[in-house]
Amino acid sequence: MDSPVPPRPIEPRPRHRDRHGRGMRGPVAPPQVPLSVSRSESFRDLVRDSVERLEHRWPQLAEVDFMVMDVPNPQDDSVPLGSSAPADKDHPARILVYRRPIEIRAKSRDDCAMLVHEVVVEQVAELLGLAPESVDPRYGQD
């Protein structure tokens, strides 16, 4: 007797579904959702927002490189939250903001944003040789 069912192939077919029949799963969250933004990217956004606030008042900041580093190089007993370096013939002026020391001191995202802005204002003031209150009149009031 002939069977109308063809024999099974010897090679296994590629699986397109998992064992529960759901198929391939996609990413946990789409890229536009804040869940997919890492802590370092979120921190860089806070620094960028702070710099944009100051650039309206101080256009010369467009020539300054703002960089974010995770931790400062080991120095003395104190841990800086930021540092600045004036321009020289090889490099433009730089302002460094250290992510981990700021995140450790901040209790919430709003607190972190405020602390980042204060650190950026202090470093810009040091770089320009001004008082922080003259760089941003709202410095220390929040």
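The values are calculated or read from the model by the stated rules, or taken from the named source; none is laboratory data. Note that the structure is predicted; figures quoted are calculated from it, not measured. Don't worry about glycine lacking a Cβ; one is built from the backbone with ideal geometry, like all the others, and counts go over all protein chains shown. Accessible surface areas use protein heavy atoms only, side chains included; no ligands, DNA or RNA. Shrake-Rupley method; radii C 1.70, N 1.55, O 1.52, S 1.80 Å.
Worth a mention:
- If the condition is being open to solvent by less than 30 Å² (accessible area, probe 1.4 Å) and of a type in the set (Gly, Ala, Ser), then segment 85-96 contributes ALA85, ALA93.
- Only one of the listed residues (GLU63, GLU11) is acidic (Asp, Glu), within 20 Å of VAL121 (Cα to Cα), modelled with pLDDT under 95 and open to solvent by 100 Å² or more (accessible area, probe 1.4 Å). That residue is GLU63.
- When VAL37 is tested against (1) at pLDDT 90 or above; (2) surrounded by 14 or more Cβ atoms within 10 Å (Cβ to Cβ); (3) not small (Gly, Ala, Ser), just one condition goes unmet, and that condition is (1).
- Beta carbons closer than 8 Å, at least 6 apart along the sequence or on distinct chains, pair a first residue in segment 98-110 that is of a type in the set (Asp, Glu) with a second that is open to solvent by 20 Å² or more (accessible area, probe 1.4 Å) and modelled with pLDDT under 95 for GLU103/ARG39.
- Filter result (open to solvent by 30 Å² or more (accessible area, probe 1.4 Å) and in contact (Cβ under 8 Å) with a residue 40 or more places away in the chain) within segment 112-142: ALA113, GLU122, GLU126, LEU127, LEU128
- Count - residues of segment 120-142 that are part of a helix (DSSP H, G or I) and more than 15 Å from the chain's Cα centre (by Cα): 12
- Segment 85-96 residues that are under 18 Å from PRO72 (Cβ atoms), paired with ones that are of a type in the set (Lys, Arg) and open to solvent by 70 Å² or more (accessible area, probe 1.4 Å) (beta carbon under 7 Å, 6 or more apart): ALA85/ARG94
- Within segment 97-111, the set of residues being open to solvent by less than 40 Å² (accessible area, probe 1.4 Å) and over 17 Å from SER50 (Cα atoms) comprises just one member, PRO101.
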